[in-house]
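The values are calculated or read from the model by the stated rules, or taken from the named source; none is laboratory data. Nothing here was measured: the structure is a model prediction, and the numbers come from that model. All Cβ positions, glycine included, derive from the backbone under ideal geometry; neighbour counts span all protein chains shown. Ligands, DNA and RNA are stripped out before the accessible areas are found, and what is left, the full protein with its side chains, is counted by its heavy atoms. Shrake-Rupley method; radii C 1.70, N 1.55, O 1.52, S 1.80 Å.
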Amino acid sequence: MKKSIITILIIAGVLFALFQLLPLLVNNYLNNNAERIVSNMITRTNDFAGHEVRFGDIQLNYDYRGTFLKMESVEIMPGESLEDAEKIKFHLSFDEASLTGFQWVDFLFFNSIKLDSAYLENVVLETVTPDLEELGKEGSSEGKEGKDYQNIGLNHLRVNQVSFDNKDAATDSVRLSIKDLFVFADGLNLSKEDRESPEALFSVDNIEGYMDEAQVHINEYRNTIRAKDFSFNTTERKMVIEQVAFNNKLEKYAYVNQFEKETNWMELSNGRLQVDGMDFQEYFRQGRIIADSLHLGQIQLEVFRDKRKQEDRSKRPKMIHEILNELPKQLHLKTIFIEEAYIAYEERPDTQAPSAGKIFFDQVNGEISGFTNIEDELAQNDTLTILAKGRLMGKGLIDMKADYLINDENGKFFMTGSIGGMVLAPLNDLIMPATRVALKSGRLDQLFFNIEANDLEGTGEVIVKYKDLEIEILDKNYERDQNIFRKLGAFLANKVVIPSQNPNKSGKLNKGEVYFERAQHKFIFHYWWNLVLSGLKSTITGETEEEMREK
């Protein structure tokens, strides 16, 4: 009996000694081979195959709960075999990486990474890639040398300050840059299926983050999309960008002169974007953008076009229903709010005018509902409704409503609205450069329009009430130098052609009929404007819809 007890105690002692000694032996091996082991864990993947890893200080500490890994001053760079190759190249460095709870069983037997927590400090990542569209055409396994992990899972992730640049291999120009990104996530998991899926990103229980600034360079690096002070939180279901901008790197004429045909110069500035009620899980798992509301505040949009350039009739700008149906991702935004926007359109006419004409709308507030391309949502309601209010040229109050039938093959839509009282002289900024005619006097009392249209043509009615309308004809220098011939021409126009008021002195109100055939190579704003303008012309000339069709 005593011998049995002694034997058991001896065995227990040996097992206890082995239990205590094993971590020491493992740690001794791991730390003596730390650089090789960790380097292999990184460079065995497809993305980092062919790269070299340099370490400052690296420590491994194993116990039965997992392995603790701490790295300082790590740098990953392309090896010699990648220097001239048309492959993605990484330059990655960080000041500190602390990883806890690393499971060797998952790594050795299931080719997976499983961690309890990961903390990264001051990460700087630069990628150099060939043309991104060409990369997308390559086969999923063609040219890959490494072996990606089946699964990467982290219970807790903390990333403190990340900077990222993606450069074009051919030009060394920056395509995308991110400055000072901070991320906090729990229950993060990236599977092989996620990487192979065109929709899924990863799965996560909750994630929040903040980014100081991001910039995307597009259009052969002529334009920059910029987001400043970006934050998101899956618990609050909220995303905010305090400053949104679309900038041109060139001035208006310098930009458009780079193109043989007419091209819009456009800038958007001072915008604020906020998304509430966003279903982040739908986005992470299915790539679908679903949210309760989107707020766009303080946007200033300016567009310029030089009409002295040849028109590009090969272009076919999309109508609203086409834009929605052809978006690369499914989305459903219940309501979009536009708050205090400023929209300006400037056009250099094909005349001898010394300057461009301009029209602008300010204090624009609006609401868009039914903004979706998801079939189930469209089956219940396929009408996209736009409500907007603002001021024309800082004077006339505008109130309009547009209903677009998204499922209609011909893109049918309805527009109704009004413009309130204003003096007409501010419209000279638009009229004079294009026509060499100026509004000498006149006041708009009210304008109403009711229009039905589709992709091809539009009809309807415009009722405009005005008084004291008088024009004058400018000289060849677009100055108000009134010689006898210009005075006579203006007199005849004012007395014979253009009624000075509507209703007339006897109270008869002329109603304008709308007809305009859409120019397929023009943008939708051109179509909207000319539908209303056709009704204004009809009011003055008395032309009917039938007569306008014959023209």
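Name the residue, out of LEU509, LEU531, that is open to solvent by less than 60 Å² (accessible area, probe 1.4 Å), in a loop (DSSP other than H, G, I, E, B) and either at pLDDT below 90 or within 24 Å of ILE398 (Cα to Cα) (or both).
Of the residues listed, the single one that is open to solvent by less than 60 Å² (accessible area, probe 1.4 Å), in a loop (DSSP other than H, G, I, E, B) and either at pLDDT below 90 or within 24 Å of ILE398 (Cα to Cα) (or both) is LEU509.
Only one of GLU213, GLU220 is under 26 Å from ILE299 (Cβ atoms) and either part of a strand (DSSP E or B) or in contact with a strand residue (DSSP E or B) (Cβ under 8 Å, 6 or more places away or on another chain) (or both); which?
GLU213
Find the strands (runs of 3 or more DSSP E) located wholly in segment 385-493 whose residues include 3 or more that are open to solvent by 40 Å² or more (accessible area, probe 1.4 Å), modelled with pLDDT of 90 or more and among the hydrophobic types (A, V, I, L, M, F, W, C), and list them.
Correct list: 396-405.
Tally the residues that are over 35 Å from the mean Cα position of the chain (by Cα) and acidic (Asp, Glu), restricting the search to segment 96-121.
Total meeting the criteria: 2.
ARG313 - would you say it is open to solvent by 50 Å² or more (accessible area, probe 1.4 Å), of a type outside the set (Phe, Trp, Tyr), in contact (Cβ under 8 Å) with a residue 60 or more places away in the chain and touching a Ser or Thr at 6+ places or on another chain (Cβ under 9 Å)?
no
Evaluate the following for GLU322: is it closer than 26 Å to LEU384 by Cα, without any contact (Cβ under 8 Å) to a residue 12 or more places away in the chain, of a type outside the set (A, V, I, L, M, F, W, C) and not in a strand (DSSP E or B)?
Judged against the criteria, GLU322 is not a match.
Restricting to segment 177-201, name every residue that is open to solvent by less than 50 Å² (accessible area, probe 1.4 Å), outside any strand (DSSP E or B) and not small (Gly, Ala, Ser).
The answer is ASP194, and nothing else.
I need the full set of residues from segment 371-384 which are open to solvent by less than 20 Å² (accessible area, probe 1.4 Å) and not polar (S, T, N, Q), in order please.
Hits for segment 371-384 are ILE374, LEU378, LEU384.
Scan segment 163-176 for residues that are part of a strand (DSSP E or B) and of a type outside the set (D, E, K, R) and report the count.
Number satisfying all stated conditions: 5.
If a residue must be among the small types (Gly, Ala, Ser), in contact with a Ser or Thr (Cβ under 6 Å, 6 or more places away or on another chain) and buried (at least 18 other Cβ atoms within 10 Å of the Cβ), how many such residues does segment 253-301 contain?
Number satisfying all stated conditions: 0.
When you check PRO354 against the structure, is it modelled with pLDDT under 95 and assigned to a helix (DSSP H, G or I), yes or no?
No: the conditions fail for PRO354.
Hey, could you check segment 210-241 for residues that are among the basic types (Lys, Arg) and open to solvent by 50 Å² or more (accessible area, probe 1.4 Å) and say which is nearest to SER163 (Cα to Cα)?
ARG226
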